[in-house]
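Chemist: Provided herewith is a single structure, encoded as structure tokens, for subsequent inquiry.
What follows draws every value from the coordinates through simple rules; no lab data is involved. In this text, all values refer to a predicted model and were calculated from it rather than measured experimentally. Glycine also receives a Cβ, built like all others from the backbone with ideal geometry; neighbour counts cover every protein chain displayed.
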């Protein structure tokens, strides 16, 4: 679901310090709300708060409670998060290799197409 992805994106951008619930809700609401798909702020607040509470209870979850009241952050110690970081890093390495090969091929093109 798009709201879940946005929650995760906001927490990744927030870093290891995390963000308060109200700020997470505001970011998710602003990124998902549009003229063609209007959202109710109360609905987004309820969804985000329930999602964060539910997913921060398990110590091995990707999301954990941070320091302070209502602060949530990414749990970089969880095995699921470490696996995601490995998947993204290998994907970025593969993309860089593909970009290098494409640039080499474009440099090898002949001016007159021979």
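Chemist: Indicate the gyration tensor shape class of the range 2-76 (rounded, prolate or oblate), computed on the Cα atoms with a ≥ b ≥ c the square roots of the eigenvalues: a/c under 1.5 is rounded; otherwise a/b larger than b/c is prolate and the rest oblate.
Modeler: prolate
Chemist: Would you please give the FRET efficiency between residue 9 and residue 77, computed as 1/(1 + (r/R0)^6) with r the Cβ-Cβ distance and R0 = 22 Å, to the nearest 0.05?
Modeler: Efficiency, rounded to the nearest 0.05: 0.65.
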